[in-house]
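What follows draws every value from the coordinates through simple rules; no lab data is involved. Not measured: the values here are computed from a predicted model. When we count neighbours, we look across all protein chains shown, and the Cβ atoms used for this are built from the backbone with ideal geometry, even at glycine.
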Amino acid sequence: MEAASLARWTLCFLLLSLAGVITQLVSKVFVAALLHSRSPGPIVRVGDHSAFFIGYLSGPMNTERRECIRKNCIPALKFLIGQPTENLNQRVSTGQGQLATAWEQNVSNNLTTEARMYGDILPVPYRDLYRDLGDKTLALLQHGKSLGVRNVVKIDDDQCPNVTTLEGIARTTKPDCARYLGGILWNGTEYKAMKGPDNQTVPYIGGPLYVLSAALVRAILDDDPADTVWWFPYGTSSEDKVTGQWFEHAKRRHPELNFSREKTGHLSIRVEGGTGKGFKS
């Protein structure tokens, strides 16, 4: 009788121990999956390589949009935000001792608090004006290049990136590929507003998200920085048109690279009011 009781207790002990081991394994797998899906950094990792820097062009007052992105998109990313600028319709003065407006000071303080709280804001030292979105896009490319990633992504702050599609792009991009991908391919002749001050048009990628490979980013930034930075003679307030112009300039200077302008679907999903979800299709 005592032997049977001891056997039962031994069996119970072994089963409980086994259950504990299984619970620990399941917990580790769950935590690993959670960390993978909610990576806190700005780089989407594909395998062991830093494949992407994904940067949001966000306005100083788009607080609710950023909250929605943080809650719903996979993974957490970086928001590029410039200096808050109040339009007073006044001539620019050269007088000394000028102060920012009360609104500009207040918004700047709020942004500083938000940046310290979340750690996902990349401040850019330009006035945040719609007509100067080309400058913010240039800052995005420069930051991506400094990280050494293989692709740089521009995305609007009402979208979640489709990580699965981006991973597929990363797997098919070779070092000598100067790829330029996005959801809408314009010829550049559809509307009058697509012409630059030089009266020239170029095909370009439009839409809320587009991708530039590292080879293309280097070609844009390194060879003729004056032409890239001072884009006013050929650009417009549409930053995607400016990017298309950079692509054309780089293509002329680098015949050794394989340039491609590609229409690609399923790159992102729109999120509104906290109801959207970042996704892997």
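Shape analysis of segment 171-281 places it in the oblate category; the axes a ≥ b ≥ c from the Cα gyration tensor give an a/c of at least 1.5, with a/b not above b/c.
Only the Cβ atoms of Lys and Arg (+1) and of Asp and Glu (-1) were treated as charged; on that basis the dipole of segment 174-281 about its Cα centre amounts to roughly 440 debye. Proximity of backbone amide H atoms, modeled 1.01 Å from N, is registered between A178 and N258, F259, S260 at under 5 Å, excluding neighbours fewer than 5 places apart on the same chain. Converting phi to 3J(HN,Hα) with the Karplus coefficients 6.51, -1.76 and 1.60 and the offset θ = phi - 60°, segment 184-201 yields 10, 10, 8, 6, x, 10, 5, 9, 4, 5, 7, 7, x, x, 7, 6, 9, 10 Hz in sequence order, with x at every glycine or proline. Computed from the Cβ-Cβ distance with R0 of 30 Å, the FRET efficiency linking K174 to N109 stands at 0.05. Note on E190 and D224: the extension gain reaches 9.3 nm, defined as 0.36 nm multiplied by sequence separation minus the Cα-Cα distance. Given a Förster distance of 41 angstrom, what is the FRET efficiency for R116 paired with N89, based on the Cβ-Cβ distance and rounded to 0.05? It comes out at approximately 0.80. Taking packing as the residue-averaged number of other Cβ atoms within 10 angstrom, the listed peptides 119-131, 239-251 run from highest to lowest as 239-251, 119-131.
Using r as the Cβ-Cβ distance of A102 and E67, and R0 as 35 Å, what FRET efficiency do you calculate, to the nearest 0.05? Between A102 and E67 the formula returns 0.90.
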